[in-house]
Each structure stands twice: as structure tokens, then as C-alpha cells.
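Structure record follows, encoded as C-alpha cells.
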Amino acid sequence: MQPLERRIDAAARLAARFGGRLACPLCAGALGVEGHSLVCGARHTYDISAKGYVNLFGARSKVSDLYGRALFEARRAVSEAGLYDGLVEAVAGALRDYGIREGSLVIDAGCGGGWITQALRGQTGGLLAGIDLAKEGVALASQYPGILWAVANINALPFASGSADAVINVMSPANYAEFRRVLKPEGVLVKVIPGAGYLRELRRYLYGGKDKGEYSNAEVGAHAGESMPVLEKRRVLYTYSIEGARLRAALYDMTPLTADAPPDTRERFIGEGGPFTVTVEAEALIMRN
């Protein structure tokens, strides 16, 4: 990871590589780099932070209130331990199989803390951008070099129409009209939705016998299929063993699933010790503009 004092310079150099593909969220004019700022022709100006990301949203969002730094740090811990390796490989394989190569622009719409985005960097060879409304997530993600990080709204993506080769949207809200707008005519969307078995063991530990103990992706999948043509569906299914108190705590803290659990549940879950096996089940919908 780069020293803090260099991130702002690296982010400015990287933004310049995007050429005319970045667009002002206020007026849709092309954004260029002036010093450590992104500026459009109407002089709307967005400063790059010292941490190396740019805020293209401005106001604080409700998402930032719901998803704090502790959640993203916990999600990074389980990700770096390997929980999502199989999911990353599925997304990377889809991008490769559908022609995403060196020089392609890939947008991670809903990047969170950026771990999946940075894991894809070495596998796709493309130019990557990660955006999310959760400022704390983007600030944490900016520790990963070589990716353009921005606080931005998926309902008004800060990219020119027809500029992206691919969009990925992993277990995050989607705006298919915006995805279609920014994608090139043959651009690819990889939309990942959780399967019925995703974190089933944790759901049942928390809410066994109640509605929250089960999950269905039928409604989300149907909406996606109505919005863009689905070329292929790839199922991801494997189990992962969470070892030790630190990762047990991270698993508990990384998901909003635990928000409504009784107050003493977290300490009980961590204190039980021993391995805790969870299922990662998801469906990658590969769609084309």
C-alpha cells in the first residue's frame, strides 16, 4: 500500500488515464484533471482527498450512516482470509470469457470496501474504477493502489455514456438503466446475487425458525432478467471454515444480518470458539447491452 502523502498524486495520475470517460454528476460534462481536482467545463470541481479518492456525491448519504468503517474493516478481514476467493474467481472468469482485456474499463458499481475490486485487478488487466455511496468504505478501499475510487451514486454514474466495457455489481443495489447507459453497445454486466444458501449457517444461528433464517433471490433475479438480456447464469457454491475468535468477530460484524439479533448474541458467538462453517452460494448473471 502506498504512503498516505503519495495517494493524492497517484489518484490524480490515474484519473488522467480515464481521458473523457469521467463525467460530472451535476451536468454530465467531461471531467478533466487540474492539479488534485476533477473539473468539468462548467467549472464544477471535485477535490481528490489526501487519502486518494474523490467525492463525486457531496452530501452525506444514509448509506454512510448504515455502513460504518467497522463493518468494512470486518468484511476486509474475512475477505483477506479467503471467504470470497471463489466468488472473485467466478467474476474474473466471466470477465475474461466475455472479452475483458488489457485497456478495458471495468466499473465496480457498489464496491464497498473495495476488496473484490482490487482482487480482480490482477486477473483482468483492465482499467478499474470502484464507486459506492458509503464514504467509509471508499476511504478504506483507497488504500488499494491502481484503482480509481470515488464516492458516487449508482443512480447517476460519473461516467460518459458508452464508455465502459464492463460493469460488475456484486450483492449490491442495481440501476440497470444507468448500467446500460455507461456500457458500450456490446458491453457486459456481471450481476452477482446471493443464493438461498448464502451465509445460511449464520442466518440460522441468529434467527433459526424465523423468516430471517431463510432467503430467496427469486425476486431479484426476475427483476434483473426483465431489465437486460441474460446471456448466461453461473452458480457459485462452496463452504468456508471461519477459524478463531478474530474471524468469528469479523464474520459477525461484516453483515447487516446481525443488526436485529439479541444484544448478547455477538459475545456468545465469538466465545463459543472453534471453526464455524458458512456457505457461499451466489448466482452470477452475465448480461449484455
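Any read-out appearing in this document is the output of simple, stated calculations on the displayed coordinates, not a laboratory observation. Quantities reported herein were computed from a predicted structural model and do not represent experimental measurements. We place every Cβ from the backbone using ideal geometry, glycine too, and count neighbours over all the protein chains shown.
For the charge dipole of the chain, defined by +1 on Lys and Arg C-beta atoms and -1 on Asp and Glu C-beta atoms about the Cα centroid, which residue among L71, G103, L83 has the Cα displaced farthest towards the positive pole? The residue sitting farthest along the positive end of the dipole is G103.
About the centre of its Cα atoms, region 4-288 shows a dipole size close to 420 debye [charges on the beta carbon of Lys, Arg (+1) and Asp, Glu (-1) only; nearest 20 debye].
Can you spot the aspartates and glutamates whose alpha carbon is less than 15 Å from K51's alpha carbon? Ignore those fewer than 8 places along the same chain. Candidates past the 8-residue exclusion: E5, D9, E136.
How much FRET efficiency would the formula 1/(1 + (r/R0)^6) give for E267 and E219, where r is the Cβ-Cβ distance and R0 is 45 Å, rounded to 0.05? It comes to 0.85.
Put one equal scatterer on each alpha carbon of region 85-180, apply the Debye formula with no solvent term, and list log10 I(q)/I(0) at q = 0.16 1/Å to two decimals. With one equal scatterer per Cα and no solvent, log10 I(q)/I(0) is -0.59.
What trypsin sites (Lys or Arg not before Pro) in region 84-122 are in a loop by DSSP, with at most 14 other Cβ atoms within 10 Å of the Cβ?
Those satisfying the criteria are R101.
Under the Kirkwood approximation applied to all pairs of distinct alpha-carbon atoms, what is the hydrodynamic radius of the chain in Å?
Hydrodynamic radius (Kirkwood, Cα pairs) of the chain is 19.6 Å.
Here the label points at E34 and D85, each 7 Å from Cα along the C-beta direction, are separated by 4.8 nm in the simple model. Other residues lying with their Cβ under 14 Å from the Cβ of R266 contribute a combined charge of -2, Lys and Arg counting +1, Asp and Glu -1. Here the contact order of the chain, divided by its residue count and restricted to Cα pairs under 8 Å and six or more residues apart, works out to 19 percent. Only helices enter this figure: runs of n ≥ 4 DSSP H residues, each worth -39500 (n - 2.57), summed and divided by the residues of the chain, yield -10500 deg cm²/dmol at 222 nm to the nearest 500.
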